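The values are calculated or read from the model by the stated rules, or taken from the named source; none is laboratory data. The structure presented is a predicted model; accordingly, all values stated were derived computationally and were not measured. No Cβ is skipped: glycine too gets one built from the backbone with ideal geometry, and neighbour counts run over all protein chains shown. To get the accessible areas, we keep the full protein, side chains included, count just its heavy atoms, and leave off ligands, DNA and RNA. Shrake-Rupley method; radii C 1.70, N 1.55, O 1.52, S 1.80 Å.
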Amino acid sequence: MVKQEKQTNFNKLQSLLQELPWYVDEYINHKLRKLSTASLFNYCHDYKIFFNWMISEQLWTGSIKDISLERLENMTVLEVENFLNYLHYQLDNKELTVNRKLSALKSLFNYLQNIAETPDLKPYINRNVMAKIEFNEVKDSMETKATKMEGKILLGDEYEKFRLFVANDYGELNKDNKKLFHFHQLNKERDTAIVSLILGSGLRLSELVGIDLDDLDFSKYCVRVIRKGNKEQFVYFSQVAMSDLQEYLSIRTAKYKVDKTNKALFISAQMGPKGKSRRLTARSVEKLIEKYATAFGKPSLSVHKLRHSFATRYHAEINDVPKLRRQLGHSSIQTTMIYTHIKNDDLKIAVDKMDMPKEQLE
């Protein structure tokens, strides 16, 4: 599934690794079967920032690739704290971003101290400075996060209003603009199916764009996706999503002139007279959601906020956190718990009961 995209991500990761020390390459290889290449690429990007900072601060003279294990072993707490201050005050990273980059460094240093072994069974480093560094305290409580989220997601009857806006109203709004109107007429079934599927399943962006035709099972209202950590899972979707998907599939081949060998579910419009239909990219999906969200009057909406919208609605109607956790593919139930703090008193009146299949509700 999505072999070409996975290979592309793997190649990007390998290219970045060529700029980093050998032990980072070894660590990434150790993590490769446990984490996605996208996550590991972000780790490597964080390491590159850290190593570049070391050189700029004259903590190492030479190239990044040559930074030695001995230098890491002799890092001081003060030096690491200075790096974290650099992230916060000079790069303007938020507390959560600083924590994420610190987590990446902690994981690398832990590997070097407690997992990696020399030929004579000794650890790569004996002293781990990162073990002495504490994460930033994130001040927002779950209630505060939930309150912030409320104004940026769809609530009540906005679910169906936004879906109908994508399906019809956007075209009416732009009927005097031939270019926008024509583009909407071409893509309205596809775009409606995308919005419906996210709002009816809570899929992540990477999961959505990776779907192939063979992954859909309409008889069971589910789709096979590859979740974080390269885990395969069948995820349920709503009847509304199924209806919109079927309508899109009825026009997919004709409108997009799709070659039979192209198994991607969501296809990009052909560009130019000799343009070829291709799998819709993640960035393209982000841009089309941004376009509709802005025109709808809710510019804060994004693919991830649509996922949050699904989760909020699901919790209000189903009220089963473990099942919601599985539906969203969260590794920790604490991540899912934020949706229990979102208050929307009229939600049960405003929307129909979530139409998940019976076996999901039992």
Specify which of the listed residues (ILE194, ILE198, ILE226) is under 30 Å from LYS31 (Cβ atoms), touching a residue at least 40 places away in the same chain (Cβ under 8 Å) and in a helix (DSSP H, G or I).
ILE198
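Yes/no per residue for (1) in contact with a Lys or Arg (Cβ under 8 Å, 6 or more places away or on another chain); (2) open to solvent by less than 20 Å² (accessible area, probe 1.4 Å):
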| position | (1), (2) |
| --- | --- |
| ASN230 | yes, no |
| ALA254 | no, no |
| LYS257 | no, no |
| LYS263 | no, no |
| ILE267 | yes, yes |
| THR294 | no, no |
Can you spot a residue in the stretch 184-193 that is farther than 30 Å from THR312 by Cβ and in contact with a Phe, Trp or Tyr (Cβ under 9 Å, 6 or more places away or on another chain)?
yes
Scanning the stretch 20-42 for residues that are at pLDDT 95 or above and touching a Ser or Thr at 6+ places or on another chain (Cβ under 9 Å), the one farthest from GLU70 (Cα to Cα) turns out to be TYR27
Output for Cβ contacts, cut-off 7 Å, separation at least six or different chains, first residue without any contact (Cβ under 8 Å) to a residue 60 or more places away in the chain in the stretch 90-105, second aromatic (Phe, Trp, Tyr), reads ASN99/PHE135; LEU102/PHE135; LEU105/PHE50
Step by step: first the residues of the stretch 299-309, then only those that are more than 11 Å from VAL195 (Cα to Cα) and open to solvent by 30 Å² or more (accessible area, probe 1.4 Å), then the one that is nearest to the chain's Cα centre (by Cα). Which residue is that?
HIS304
How about the stretch 145-162: which of its residues are open to solvent by 50 Å² or more (accessible area, probe 1.4 Å), at pLDDT 70 or above and part of a loop (DSSP other than H, G, I, E, B)?
ASP157
What helices (runs of 4 or more DSSP H) lie completely within the stretch 269-345 and have 2 or more residues being of a type in the set (Asp, Glu) and modelled with pLDDT of 70 or more?
282-296
Selection within the stretch 163-211 - aromatic (Phe, Trp, Tyr) and open to solvent by less than 60 Å² (accessible area, probe 1.4 Å)
PHE165, TYR170
Within the stretch 221-232, is even one residue polar (S, T, N, Q) and modelled with pLDDT of 90 or more?
no
